[in-house]
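For reference, the structure is listed below as C-alpha cells.
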Amino acid sequence: MRKILLLILFLPSTLMAQTVRPVMTATRTVENPRIDGKLDEACWKLATAVTSFTQYVPVFKAKPRQRTEVKILYSDNAIFVGAMMYDTAPDSILHQLGNRDDMLNADAFTICFDTYNTQVDAYVFSVTASGVQTDYRINDETYNPVWSSACNITDSGWIAEFRIPYSALRFPNTDVQCWGLQITRGLRRFRETDQWALVEKGVANDLPYWGKMEGISAIKAPLRLSVTPYLSLYGEHYPYNVDGKSNLSGSYSGGLDLKWGVDESFTLDMTLLPDFSQVQSDNLVKNITAFETQYSENRPFFNEGIELFQKGGHFYSRRIGKEPSGLYDIEDSLREGEFVKKNPGQVKLINATKFSGRGKKGTAIGIFNAITDNMYAVIEDSSGSKRKILTEPLTNYNIAVVDQTMKNNSSVYLINTNVSRNHGWDDANVTGAGTTINDKTNTWRFTGSAALSQLFHRNTSDPSDVYENQLGYRYYASFGKVTGKINFSLSREAISKNYDDNDFGLMFQNNETRHTGYFAYRIFEPFGIVRDLSTALTITERDNATTGKLTNFEVDLSNSQTFKNYLTFWDGIGLDPLHVYDYYEPRVPGRAYFCEPYYYAYFGFSSDYRKAFALDGDFTWISTIDDPARRIEATLTPLVRPNDRLFFTYTLRLLQCWNDKGFATTDTSAVIFGNRDLMEIEQLLEGRYMFRNNLSLALRLRYYWAMATYDRFYTLLESGKLEMNDSYFGSTDYDFNYNAFNVDLMFKWQFAPGSSLDITYKNSILEDENRVIWNYLDNIKRTFASDQLNSLSIKVLYYLDYQYLRRKQSKH
C-alpha cells in the first residue's frame, strides 16, 4: 500500500523527467515581410514549418480537429511569426471584436518566448481571428508592448502574422540564442486548445515542458527608448452654490511617460506629471467594518511591470495619490464666518519612476520611487482673507528589491519599502525577505518569508522633537505538494502586535498566529457528464498572539466542476463551531467581542460563454448557531452578445443581514454595540460597442444603495459578552442611508500603435444620511435630486519610438 501511495504522489515527477522538448528552427530573412495577414512573400516559403500539435483540452493527448502550420523568421530588428490555422468550416470561425487584452468569444493563436530559457518567466503574444491583440508576461499580466499583427479569414481557415520588435523583448547578449518556446491554438467553437509542446496537467509550472527555438544568431538588443507625451483637458461642474466659489472649473495639463532600456536586461520607466482623470470610477461602498476598504488599481503606470515590487505583499499602490489624511478634519478647524474654499480630495502625484529587470544570471533588481505634493485646504472668510491648512505633506515613497532565481524554479528575495514625509509627519520602513524552494521535479515546495516593520512617530511631548521607533515582525512558512491530482500543504504565520506595513502596504490584522491545512483532489479528464472536477478541504485556526485566545477556527469544504456542456458549478459548506474572540470590531485596543459559532453554505454557476446569452450567479447563506443572526447574499449576471460588435453585462447583487451585531459608538469608557438589520442593493451595467478593433465606445453605470436600522443596543463587557443598554433605546442616530451612483462613458480611438485619443464623461452622486428611506423608487428619486459632479476630459497620447524614428530617418 505504501509503494502504491508513493507511486501516485511521484507519478507527475516521473512523467516530467521523461518529457522530450521539441525543437523549432527560426530562419533568418533579409526581406521583411509585410504584416498584412497573407504570408505570400518569398521569405515565408523559405522558412521551416512546424505542424505537430496535440490536444490539451478537451481530450488530453488526442489528435487536433484541425491542422496548424507555424513558421518563424527573424531579422536584425524583429521576430516574425506566420501561422496558418486550417479549418474545414471557415464560416464557423468565431471572431468577436474587442479591445486589446479582452477575453473574447473568438479563435486565437498564441506564441510564447522564454528568452533566457530559465523556465521562470516568458513573453506571451496572442491574437484572435478578429485581430485583437493580447500580451503579457508570465510574471506580469500588465506587460503591454508595442508590436504589429494582422489576421485574415480565408477559404482554408485563418492566418495570423506577427512582427515583434526586439525592443519589446529582453534576451541574453550572446552570439547564439536558445529560447524556450510554446505555441498554442484555440478553436473556440469546440473549446479546444492545441499545444505544440504538450504540458502535463496539474503541474505547478508549465515552462519546463515547453520546446526550444534555435537558429537565432548574431542579433543585438537595440536601444529601447520610447517617449509618450500627453495633453489633457479637463472640466467639471458641481453645484457648490457658495458665494465667491464657481460651480464650474477646468484645467489643462501635459506630461509624458518615458521608457528606456538601460541594457538588454534592465528598463527605466518614468511618468512625469501624470493625469488620471480618465481612470475608471471606484466602486464606493458603505464601510461599517473595522478595516479600510480596498480598491482596485486602475492607473496604468501602477499596473504595468510591478510584479517584482509586490514581493512579500508590502506594496499597495493606492497609497500613492490617496485621499489626504486630514481631508475630513477641515470642517472642525473653521472659525466663525469662514468657509472651505478648496479642499482637494486626492493627493497630487508629481512623478514616479521604476527601474527593473532580470540579468542573464537570474538576478532581478527593482527600484521604485514616487513623490506626492503638499496638499492644502484653502479657508476663506467673508472679507476675502484666506489661510491654508496642510492636509497631507510632501511624501516620498520608495521600494528597493532584489530577487535571485535558483535551480528548479526556486528563488530568494530581499525587499525594503520606505515612506518619508515632510513637516514632521510620521515615517515608516519595512524590510522583508523570502524564499521558494522546489525539488528538482517541481512536485514539492517550501515557501518562507519574514519581515520587520518600523514606524517612526513624532514625540510631540519631547522638547528635542525626536521620533519614537515602533518595531514589529511577521513570518510565514508553508510546505506542501503542488503538482498532480493530489495537492496539500501546511502553513504557519505569526504577526506581532506592533507589526504595521499600512503606510505603503495593506494589512488588515496583526497580533495573531495562524495555522492552515489544505488538501485538494483534482480530476482533469472527462468522465460521464463531467469535464473536470476539483474538491478541496481547508482548515484554518487563528489565535491572538498576546492573550492566546482563539480568534477563528474554520472548516471549509468546497467543490467545483465543469460539465461537458460547459456549465460550471461550484458549491461549498463550512463552519466555525467554537466561540471565538474578535479583537477588531470593538475599535478599542485590548478589547474583544465574544462571537457566536456560525455555519454557512454557498453555490454558484456559470454557463457557456460561447452562447449569445450567458448567465452567471452565486448565492451565500450564513447563520449563527446560538443566535438568530442571518446573512444572505445573491448575485445574478446575464451576459448578452447580440453580435460581434456589441457586448454588455448587467450585475444585480442583493445582501440582507438580520440581527447583525456590531460596533456603534464609544460612550466615555464604554464600547456600545448595536443590533441592526442591513440591506445592500448593487446594480452594474457595462456595455461596449466596437466600431472596429481600434475604435470603441464603452458605458459603465453603477448604482449602490446601503441602509441599516438599529433596534437594540448593548454595552460590551470586559468578558467580551454583551449586556443590554436601554439608554440608547429608540435612537436613530446610527441608522444610515447611503447611495453612490456613477456613470463612466468612454470613447477610445487608437489611431497608431501605442497612441490614442480618449474622451471620458463622468457623472457622480454620493449621498450619506441617517434618515432611512424604505421605498426603493423614492430612494432613487431622492438620490438623483442630490448634487451631482459632472466632468469631461480629453486626453491625447502619442507614442514615439527611437528605433522607428531612426529607421524612418535612414530611409530619407
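Listed by first and then second residue, the pairs linking a residue in region 203-222 that is among the hydrophobic types (A, V, I, L, M, F, W, C) to a residue that is open to solvent by 40 Å² or more (accessible area, probe 1.4 Å) and not in a loop (DSSP other than H, G, I, E, B), with Cβ atoms under 6 Å apart and 6 or more places separating them unless they lie on different chains, form an empty list. Being free of Cβ contacts under 8 Å to residues at least 40 places away in the same chain and either hydrophobic (A, V, I, L, M, F, W, C) or open to solvent by less than 40 Å² (accessible area, probe 1.4 Å) (or both) is a property that does not hold for Asp121.
Across region 167-194, the number of residues qualifying as in contact with a Ser or Thr (Cβ under 7 Å, 6 or more places away or on another chain), in a loop (DSSP other than H, G, I, E, B) and either free of Cβ contacts under 8 Å to residues at least 12 places away in the same chain or basic (Lys, Arg) (or both) comes to 1.
Selection over region 163-177 of residues that are surrounded by fewer than 18 Cβ atoms within 10 Å (Cβ to Cβ) and touching a strand residue (DSSP E or B) at 6+ places or on another chain (Cβ under 7 Å) gives a count of 2.
Name the one entry in Arg358, Arg299 that is more than 25 Å from Trp425 (Cα to Cα) and open to solvent by less than 20 Å² (accessible area, probe 1.4 Å).
On inspection, the qualifying residue turns out to be Arg299.
Of the candidates Ala160, Ala197, Ala221, the single residue that is within 32 Å of the chain's Cα centre (by Cα), assigned to a loop (DSSP other than H, G, I, E, B) and crowded, with 17+ Cβ neighbours inside 10 Å is Ala197. Here is a check on your reading of the model: is Val20 part of a loop (DSSP other than H, G, I, E, B) and at pLDDT below 90? The answer is yes for Val20. Contact map, region 323-345: first residue closer than 11 Å to Glu380 by Cβ, second residue at pLDDT 85 or above and crowded, with 16+ Cβ neighbours inside 10 Å, Cβ cut-off under 6 Å, separation 6 or more or different chains; pairs are Glu338/Ile379; Val340/Ile330; Lys341/Glu380. Take the residues in region 22-36 that are under 16 Å from Ile111 (Cα atoms) and of a type outside the set (A, V, I, L, M); name whichever of them is surrounded by the fewest Cβ atoms within 10 Å (Cβ to Cβ). Among them, the one singled out is Thr25.
Screening Arg191 on (1) under 28 Å from Gln66 (Cβ atoms); (2) open to solvent by less than 30 Å² (accessible area, probe 1.4 Å); (3) at pLDDT below 95 shows it passes everything except condition (2).
Leu46 falls short on exactly one of the conditions (1) in contact (Cβ under 8 Å) with a residue 24 or more places away in the chain; (2) of a type outside the set (Phe, Trp, Tyr); (3) farther than 21 Å from Trp210 by Cβ; (4) surrounded by fewer than 15 Cβ atoms within 10 Å (Cβ to Cβ), and that condition is (1).
Figure legend. Inter-residue proximity from region 265-285: first residues closer than 30 Å to Lys360 by Cβ, second residues assigned to a loop (DSSP other than H, G, I, E, B) and open to solvent by 30 Å² or more (accessible area, probe 1.4 Å), beta-carbon distance below 8 Å, spacing 6+ or different chains. Indicated pairs: Ser265/Arg170; Ser265/Lys360; Thr267/Arg170; Leu268/Val262; Asp269/Glu304.
Looking across region 53-76, the residues that are open to solvent by 70 Å² or more (accessible area, probe 1.4 Å) and at pLDDT 95 or above come down to Lys63, Arg65, Arg67.
Residues in region 79-93: is at least one open to solvent by less than 30 Å² (accessible area, probe 1.4 Å) and under 23 Å from the mean Cα position of the chain (by Cα)? So far as region 79-93 goes, no, none of its residues is open to solvent by less than 30 Å² (accessible area, probe 1.4 Å) and under 23 Å from the mean Cα position of the chain (by Cα).
Checking every residue in region 318-329 against the condition of being open to solvent by less than 40 Å² (accessible area, probe 1.4 Å), farther than 30 Å from Asp135 by Cβ and part of a helix (DSSP H, G or I) gives at least one match.
Taking into account only those residues within region 392-415 that are more than 16 Å from Ser317 (Cα to Cα) and of a type in the set (Val, Ile, Thr), which is least open to solvent (accessible area, probe 1.4 Å)?
Filtering region 392-415 down to residues more than 16 Å from Ser317 (Cα to Cα) leaves 392-394, 402-414.
With of a type in the set (Val, Ile, Thr) added as a condition, the list becomes 402, 405, 412.
On the way: Val402: 69, Thr405: 25, Val412: 59 Å².
Among those residues, the one meeting the criterion is Thr405.
Scanning region 301-317 for residues that are under 21 Å from Asn351 (Cβ atoms), assigned to a helix (DSSP H, G or I) and in contact (Cβ under 8 Å) with a residue 60 or more places away in the chain yields Leu308, Phe309. The single condition among (1) more than 23 Å from the chain's Cα centre (by Cα); (2) modelled with pLDDT of 95 or more; (3) not basic (Lys, Arg) that Asp667 does not satisfy is (2).
Would you say Gly384 is in contact (Cβ under 8 Å) with a residue 60 or more places away in the chain and either in contact with an Asp or Glu (Cβ under 9 Å, 6 or more places away or on another chain) or surrounded by fewer than 18 Cβ atoms within 10 Å (Cβ to Cβ) (or both)? Give the steps one after another, and end with the answer.
Numbers: in contact (Cβ under 8 Å) with a residue 60 or more places away in the chain: yes; either in contact with an Asp or Glu (Cβ under 9 Å, 6 or more places away or on another chain) or surrounded by fewer than 18 Cβ atoms within 10 Å (Cβ to Cβ) (or both): yes.
Here the answer is yes, as Gly384 does meet what is asked.
List the number of the failed condition for His515; all other conditions in (1) more than 30 Å from Val59 (Cβ to Cβ); (2) in contact (Cβ under 8 Å) with a residue 40 or more places away in the chain hold. With (1) more than 30 Å from Val59 (Cβ to Cβ); (2) in contact (Cβ under 8 Å) with a residue 40 or more places away in the chain applied to His515, the lone miss is (2).
Only residues that are aromatic (Phe, Trp, Tyr) and more than 19 Å from Val146 (Cα to Cα): list them for region 85-114, please. Give the steps one after another, and end with the answer.
Let us first name the residues in region 85-114 that are aromatic (Phe, Trp, Tyr), namely 86, 109, 113.
Tyr86 - this is the single residue of region 85-114 that is aromatic (Phe, Trp, Tyr) and more than 19 Å from Val146 (Cα to Cα).
Restrict the check to region 799-807 and report whether at least one residue is out of contact with any Ser or Thr (no Cβ under 7 Å at 6 or more places or on another chain), touching a residue at least 24 places away in the same chain (Cβ under 8 Å) and in a strand (DSSP E or B). For region 799-807, residues out of contact with any Ser or Thr (no Cβ under 7 Å at 6 or more places or on another chain), touching a residue at least 24 places away in the same chain (Cβ under 8 Å) and in a strand (DSSP E or B): absent.
Return the residues of region 566-587 that are under 26 Å from Leu615 (Cβ atoms) and open to solvent by less than 40 Å² (accessible area, probe 1.4 Å); say none if nothing qualifies.
Pass one, region 566-587, residues under 26 Å from Leu615 (Cβ atoms): 566-574.
Once the filter is applied, which keeps residues that are under 26 Å from Leu615 (Cβ atoms) and open to solvent by less than 40 Å² (accessible area, probe 1.4 Å), region 566-587 yields Tyr566, Thr568, Gly572, Gly574.
Within region 494-515, can one find any residue that is modelled with pLDDT of 95 or more, among the aromatic types (Phe, Trp, Tyr) and closer than 30 Å to Ala204 by Cα? Looking for residues that are modelled with pLDDT of 95 or more, among the aromatic types (Phe, Trp, Tyr) and closer than 30 Å to Ala204 by Cα, one finds none in region 494-515, hence no.
Residue-level check: of (1) more than 28 Å from Ala494 (Cβ to Cβ); (2) open to solvent by 30 Å² or more (accessible area, probe 1.4 Å); (3) in contact with an Asp or Glu (Cβ under 6 Å, 6 or more places away or on another chain); (4) of a type in the set (Phe, Trp, Tyr), Phe563 misses just (3).
Let me confirm something: among Arg137, Arg100, which residue is under 24 Å from Ala197 (Cα atoms), of a type in the set (D, E, K, R) and open to solvent by 10 Å² or more (accessible area, probe 1.4 Å)? I'd like the intermediate steps shown before the answer.
Values: Arg100 fails: under 24 Å from Ala197 (Cα atoms).
Criteria check complete, one pass: Arg137.
Total residues in region 714-751 satisfying the condition of being touching a residue at least 24 places away in the same chain (Cβ under 8 Å) and either in contact with an Asp or Glu (Cβ under 9 Å, 6 or more places away or on another chain) or open to solvent by less than 30 Å² (accessible area, probe 1.4 Å) (or both): the figure is 20.
Checking the conditions here, which among Asp711, Asp644 is over 28 Å from the mean Cα position of the chain (by Cα) and surrounded by fewer than 18 Cβ atoms within 10 Å (Cβ to Cβ)?
Numbers: Asp644 fails: over 28 Å from the mean Cα position of the chain (by Cα).
Answer to the selection: Asp711.
The values are calculated or read from the model by the stated rules, or taken from the named source; none is laboratory data. Given the structure is predicted, the values throughout are model-derived calculations rather than measurements. Methodologically, a virtual Cβ is constructed for each residue, glycine included, from the backbone with ideal geometry; neighbour enumeration extends over all protein chains shown. These accessible areas exclude ligands, DNA and RNA; they are computed on the full protein's heavy atoms, side chains included. Shrake-Rupley method; radii C 1.70, N 1.55, O 1.52, S 1.80 Å.
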